[in-house]
Amino acid sequence: MTPASAERAAFHEFIARHRRFLLTTHINPDGDGLGSEAAMAMWLEAQGKQAVALNDSVMPPAFAFLARHAAFEVYEPEAAERHFGEADAVVVLDTSNRQRIGRLAQVLDRHAVPIAVVDHHVTHARGFGQVNVIEAEASATGEIVYDLIREGGGTITPAIAEALYVALMTDTGSFRYSNTDSHAHRMAAELLTHGLDPQALHAQVHSHASAGRLRFFGEVLSALELLADGRLVVLEANPEHFHRHGLEGADTDGLVDLPRTIAGVEAVALFSEVEPGKVKVSLRSTGRVSVDQVCSRLGGGGHVHAAGVLLRGSRAEARARILPELMSLIDALPPRAGAEAPAGPPITKSGGR
Ligand code: AMP
Ligand code: MN
Ligand code: MN
C-alpha cells in the first residue's frame with residue numbers, strides 16, 4: 001500500500017474539520033461500498049461525531065447485518081433533503097463517478113456541502129470531491145478505509161473489523177480475483193485477530209439467494225453464446241427473465257463471473273436489460289484484456305478486469321456498441337502459451353475488480 005499521501009493527509013483534515021457526516025456509496029451497493037460505510041460510520045461515531053449512511057438503493061438482505069452497528073437509510077426525497085440540510089460534510093465511498101450515487105447526485109446539486117471521495121476505481125481518477133483519496137492499487141475501498149482509520153489513530157473494534165472483512169472478501173471474490181495480493185491477505189489476517197469467523201461471515205453473505213435467482217442464472221447461462229473462436233462469452237438477460245423468476249430489481253451479481261471458468265475464454269459480456277430500453281453491461285476479463293476502456297469510453301468504468309456501463313437503447317444496440325471493440329481487443333492478443341494443451345493448470349489468473 002502507498003505511504004500516507006497528501007490526499008490522505010487532506011482527508012484527515014477534512015474529518016477533523018467536520019462533525020455531522022453523511023456517507024454514501026454507489027447504486028446497487030455491494031459488500032465493499034456497504035462495509036466501507038459501516039466501518040467509516042463507526043470510526044466517526046467513536047470520535048464523538050455523527051454519521052448516517054444514506055444510499056440510493058435498498059440494503060440487500062445479504063448485507064443487512066452491517067446495519068447492526070451503523071445507521072443506514074434509503075433515499076427518500078424529504079428525508080434526503082433533511083439529511084443534507086443537517087450534514088456538514090459528505091463522504092462518498094467506493095465510487096468516484098458522481099452519477100453512480102444515483103438520486104443523491106441531484107440533492108448534492110442543491111446543497112453546498114463539502115465532499116470527500118474514498119475509492120479504488122481506475123476510471124474517474126480525479127474524483128468529484130474537495131478531497132479525493134483514490135487509490136486504484138487497493139483491492140477494495142475497505143482496504144483504504146482500514147489504512148485511514150489506523151492512520152487517524154482509531155481503534156479497530158470487532159464490529160469495524162467485521163465490516164472491513166466483508167468489504168475485502170466480497171471485492172476480491174473471496175480472495176480469488178487478480179486484485180488479491182499480499183496486502184489483502186495481511187489485512188484479512190489482521191482483521192481475523194479481532195475474533196471474526198470467516199466461514200460464518202462468508203455464509204452470512206452468500207446464503208440469501210432465492211431458488212428463482214438460481215433458475216434465472218440457469219436460464220441465462222444455458223443460452224450463453226461463444227464468439228471469437230470461444231474466446232468471448234456473451235450472456236443476455238431481459239425484463240421477462242427477471243419477471244418470470246420473481247427477481248426484485250435486476251440482481252445479476254455474480255452471474256457474469258461464472259463463464260470465466262470456461263477453458264480458453266478471454267472475456268465475458270453480460271447485457272442485462274434491467275427495464276425496457278435500459279441495458280446494464282457488465283464485462284469481465286480472465287486477465288489478459290483490459291475491459292475498463294470499453295466501458296469508460298461510453299461513460300461507465302470500473303477496473304481493468306471488471307467493468308460496467310449503463311446504456312440506453314435495445315440489447316442489440318448495446319451489443320453493437322460493445323462487442324466490436326471487445327472482439328478487436330481479443331483479436332490483438334498474442335496466442336496463449338500452451339493453448340493447444342487441452343488439460344493443465346490455468347494459464348492466467350482470473351481477473352478481478
Ligand atoms: P458490475 O459489472 O456491475 O459488477 O461492475 C463491475 C465493476 O465496474 C465494478 O467495480 C463497478 O463498480 C464498476 N462499474 C459498473 N458499472 C459502472 C458504471 N456505470 N460506471 C462506472 N463504473 C461502473
Ligand atoms: Mn463496489
Ligand atoms: Mn470496491
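Identify, by number, the condition in (1) in a helix (DSSP H, G or I); (2) in the same structural domain as residue 91 (by TED's automatic domain parsing); (3) open to solvent by 30 Å² or more (accessible area, probe 1.4 Å) that residue 137 doesn't meet. Of the numbered conditions (1) in a helix (DSSP H, G or I); (2) in the same structural domain as residue 91 (by TED's automatic domain parsing); (3) open to solvent by 30 Å² or more (accessible area, probe 1.4 Å), the odd one out for residue 137 is (1). Do we have residue 55 as open to solvent by 50 Å² or more (accessible area, probe 1.4 Å), within 16 Å of ligand 2 (Cβ to nearest atom) and under 20 Å from the mean Cα position of the chain (by Cα) here? When the stated conditions are applied, residue 55 does not pass them.
Within segment 263-277, none of the residues are within 16 Å of ligand 2 (Cβ to nearest atom) and touching a residue at least 12 places away in the same chain (Cβ under 8 Å).
Every condition in (1) within 16 Å of the chain's Cα centre (by Cα); (2) at pLDDT 95 or above; (3) more than 13 Å from ligand 2 (Cβ to nearest atom) holds for residue 92 except the one numbered (3).
Yes/no matrix, rows are residues, columns are (1) open to solvent by 60 Å² or more (accessible area, probe 1.4 Å); (2) not in a loop (DSSP other than H, G, I, E, B):
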{"residue": "247", "(1), (2)": "no, no"}
{"residue": "264", "(1), (2)": "no, no"}
{"residue": "281", "(1), (2)": "no, yes"}
{"residue": "284", "(1), (2)": "no, yes"}
{"residue": "287", "(1), (2)": "no, no"}
{"residue": "321", "(1), (2)": "yes, yes"}
{"residue": "324", "(1), (2)": "yes, yes"}
{"residue": "335", "(1), (2)": "yes, no"}
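Residue 152 passes every criterion in (1) farther than 22 Å from residue 265 by Cα; (2) free of Cβ contacts under 8 Å to residues at least 24 places away in the same chain apart from (2). In the condition set (1) within 16 Å of ligand 3 (Cβ to nearest atom); (2) at pLDDT below 95, residue 168 is compliant with all but (2).
Quick check, is residue 104 within 16 Å of ligand 2 (Cβ to nearest atom), assigned by TED's automatic domain parsing to the domain that holds residue 18 and over 16 Å from the mean Cα position of the chain (by Cα)? When the stated conditions are applied, residue 104 passes them.
Within segment 67-90, not a single residue is within 15 Å of ligand 3 (Cβ to nearest atom) and open to solvent by less than 10 Å² (accessible area, probe 1.4 Å). Among the residues of segment 298-308, the one identified as at pLDDT 95 or above and more than 16 Å from ligand 2 (Cβ to nearest atom) is 298. The single condition among (1) open to solvent by 40 Å² or more (accessible area, probe 1.4 Å); (2) at pLDDT below 95 that residue 127 does not satisfy is (1). Of all residues in segment 128-143, exactly one satisfies the criterion of being free of Cβ contacts under 8 Å to residues at least 60 places away in the same chain and among the hydrophobic types (A, V, I, L, M, F, W, C), namely 128. Considering only residues in segment 20-32 that are within 16 Å of ligand 3 (Cβ to nearest atom) and under 14 Å from residue 89 (Cβ atoms), the one that is surrounded by the fewest Cβ atoms within 10 Å (Cβ to Cβ) turns out to be 23. Taking segment 79-101 as the search range and keeping residues that are under 26 Å from residue 302 (Cα atoms) and assigned to a loop (DSSP other than H, G, I, E, B), which one is farthest from ligand 1 (Cβ to nearest atom)? Among residues in segment 79-101 that are under 26 Å from residue 302 (Cα atoms) and assigned to a loop (DSSP other than H, G, I, E, B), the one farthest from ligand 1 (Cβ to nearest atom) is 96. The one condition from (1) open to solvent by less than 30 Å² (accessible area, probe 1.4 Å); (2) hydrophobic (A, V, I, L, M, F, W, C); (3) away from ligand 3 (no atom under 16 Å from the Cβ) that residue 112 does not meet is (1). Here residue 330 passes the criteria (1) part of a loop (DSSP other than H, G, I, E, B); (2) of a type in the set (A, V, I, L, M); (3) surrounded by 13 or more Cβ atoms within 10 Å (Cβ to Cβ); (4) at pLDDT 95 or above except the one numbered (1).
Residue-level analysis places residue 72 outside the set of residues that are within 25 Å of residue 10 (Cβ to Cβ) and more than 15 Å from ligand 2 (Cβ to nearest atom). Is one or more of the residues making up segment 33-49 modelled with pLDDT under 95, away from ligand 1 (no atom under 16 Å from the Cβ) and surrounded by fewer than 22 Cβ atoms within 10 Å (Cβ to Cβ)? Scanning segment 33-49, I find no residue that is modelled with pLDDT under 95, away from ligand 1 (no atom under 16 Å from the Cβ) and surrounded by fewer than 22 Cβ atoms within 10 Å (Cβ to Cβ), so the answer is no.
The values are calculated or read from the model by the stated rules, or taken from the named source; none is laboratory data. Here the structure is a predicted model, which is why all the values come from computation and not from measurement. Reconstructed Cβ throughout: ideal geometry from the backbone, glycine too, with neighbour counts over all protein chains shown. Side chains are part of the model used for accessible areas, which takes the heavy atoms of the whole protein and leaves out ligands, DNA and RNA. Shrake-Rupley method; radii C 1.70, N 1.55, O 1.52, S 1.80 Å.
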